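Read the structure below first, then the notes.
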Amino acid sequence: MQLPYCEPYKIKMTEAIRTSTREERERWIREAHYNLFKLRADQVMIDLLTDSGTESMSDRQWGAMMTADESYAGAASYYRLKAVIEKIFGMPYFLPTHQGRAAENVIFSTLLKEGDIVPGNSHFDTTKGHIEFRRAVAIDCTIDAAADTQRELPFKGEMDLEKLEAVLKKYPKEKIPCVVLTITNNTAGGQPVSMRNIKGTAELCRRYGIPLLIDSARFAQNAYFIKTREEGYADKTIKEIVREIYSYADIMTMSAKKDGIVNMGGILGMRSEELFRKASQFNIMFEGYVTYGGMTGRDMEALAIGLDENTEFEQLDARIRQVKLLGDLLDEYGIPYQRPAGGHAIFLDAKKILPNLPKEQFIAQTLGIELYLEAGIRGVEIGSILADRDPVTHENRYPKLELLRLTIPSRIYTDNHIRVIAAACRNVFERRESITSGYRITFEHPILRHFTVELEKI
Ligand code: F0G
């Protein structure tokens, strides 16, 4: 008999999960103004809010933290991380930052001015926030198929090269400081981008003389999908694929809290020495001296090992198979989600699950609250609350998709937890007809409102 597949690690430490009653959860979510971010973590049984900084480090990572160098300038830990970044991404210049949005802050402070245009494939909300905060405009050039949740495409997160070229043609080069390619495409459902599309995007950028910036939060998952889905890559290692991806990039920003498997950290990498010099000033102002930025020596040691470990096939295979298991169970129960299963999460299609709820009542948020009430499971809305208001008209923006993201942090939950999540989804799905009203906003910030928004029941 062929042995079944199993995780390439065993578990050395556990953390107790707290359970609760439905009555408690009703009270807690009301006190949290129906914003899942405002719940205390101990009011949550299975936390699928994010995979960001919530993943489980390895014994090697914990061990390396003990031997870190905490020198202010020129720490050995900085040089160890720098060497890993050069080896894995081939990026000669790098600045450490405390997380992904900090790298965005530094690079956009360096590159962007009012009125600029930044095309991309579904800019992540902090990326869009940093662009719009500078009164520049993020133009979404994602392929249309990404908005059809039932369509199965191997690379559903891609840049539409025709849309991109139309933008590059329309505006003068001076107005487009960079193109942002996000791998995997988080907002579209953790969907990957093929090497062909990465290369095609880079070629267009070269032709129009514009730098390509890769938002690299889930770069390793993207490389896994290239290996397992794209012709010509099956025999290449993840590290070889990553090296090729970054051979097309001029700049990289990375939230290291996802595929770097650390609790905190970010990377700003680049090829140009001149850009590095300019960006260094902003790094010193916002983050810290160039050799630590927003990170301690411990953080940099853990990240150096995390990047190395998580660019091995077995690690990624275990993580992505677990996400797929949740997708397979939802298929069994007929629950619609963004197909195929993404790399880090399943995105439930809230519009299809609650078709009679008006979009003004925040469909995906309503579904998220129901799932929390059902079983203490916390997901995150990727819908019209996250989309913020239009900066010019101040009208609510209603994106094509209303999704509830169930993010599976790497090496945290077991397949049994996955079965509980699927069963809870099924229970909510079965009583979907009884969910007839949603929520209205009572307080919001103008940018990135989903973190702090307050709601009331309609
Ligand atoms: N880019 C992408 C694609 C992201 O998913 C994130 C964060 C960032 C940039 C910003 O990085 O959080 O380290 O400042 N995404 C998290 C999430 C928050 O839950 O998807 P950060």
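Where a number appears in this text, it was derived from the coordinates with a stated rule and is not lab data. Computed from a predicted model, the values in this text were never measured in an experiment. No Cβ is skipped: glycine too gets one built from the backbone with ideal geometry, and neighbour counts run over all protein chains shown.
A few points about this structure:
- Amide hydrogen neighbours beyond the local backbone of ASP215, cut-off 5 Å, H modeled: LEU181, THR182, ILE183, THR253
- Trypsin sites (Lys or Arg not before Pro) within the range 73-124, DSSP loop, no more than 15 other Cβ atoms inside 10 Å: LYS113
- Cα centre as origin, Lys/Arg/Asp/Glu Cβ charges: the chain dipole, Debye: 380
- Relative contact order of the chain, defined on C-alpha pairs under 8 angstrom at six or more residues apart (%): 23
- Restricting the calculation to Cα atoms, the chain yields a radius of gyration followed by a Dmax of 21.4, 64 Å.
- Ranked by the mean number of other Cβ atoms within 10 Å of their residues, highest first, the peptides 190-203, 2-15, 225-238, 428-441 fall in the order 190-203, 225-238, 428-441, 2-15.
- Selection among GLN315, LEU48, GLY265 by position relative to the dipole of the chain gives GLY265 as farthest towards the positive end (Cβ unit charges, Cα centre).
- Over the chain, dividing the summed -39,500 (n - 2.57) contributions of all DSSP H runs of at least 4 residues by the number of residues returns a 222 nm mean residue ellipticity of -12000 deg cm²/dmol.
- P(r) tail for the range 59-309: Cα pairs beyond 29 Å make up 26% of the total.
- Debye-formula intensities of the range 310-388, expressed as log10 I(q)/I(0) at q = 0.11, 0.16, 0.17, 0.25 Å⁻¹, are -0.34, -0.68, -0.75, -1.24 (one equal scatterer per alpha-carbon, no solvent).
- Set against the 2.2 N^0.38 Å expectation for a compact globular protein, the range 94-139 has a Cα radius of gyration ratio of 1.09.
- Charge-dipole axis of the chain as Lys and Arg at +1 and Asp and Glu at -1 on Cβ define it, positive-most pick from TYR93, VAL392, ILE421: VAL392
- The range 335-404: trypsin sites (Lys or Arg not before Pro) in DSSP coil with no more than 15 other Cβ atoms inside 10 Å: ARG397, LYS400
- For the range 59-309, with +1 on Lys and Arg beta carbons and -1 on Asp and Glu, the positive-most of ALA217, PHE286, ILE241 along the dipole: PHE286
- Near ILE382: Cβ cut-off under 10 Å, other residues only, Lys/Arg at +1 and Asp/Glu at -1. The net charge is -2.
- Whole-number percent relative contact order across the range 59-309, with pairs defined as alpha carbons under 8 Å at least 6 apart: 32
- Loop-located GluC sites (Glu not before Pro) in the range 377-421, at most 16 other Cβ atoms within 10 Å (DSSP): GLU395
- 20 Å Cα-Cα threshold exceeded, pairs from LYS239/LYS278; LYS10/LYS227; LYS128/LYS400; LYS236/LYS257; LYS113/LYS175: LYS239/LYS278; LYS10/LYS227; LYS236/LYS257
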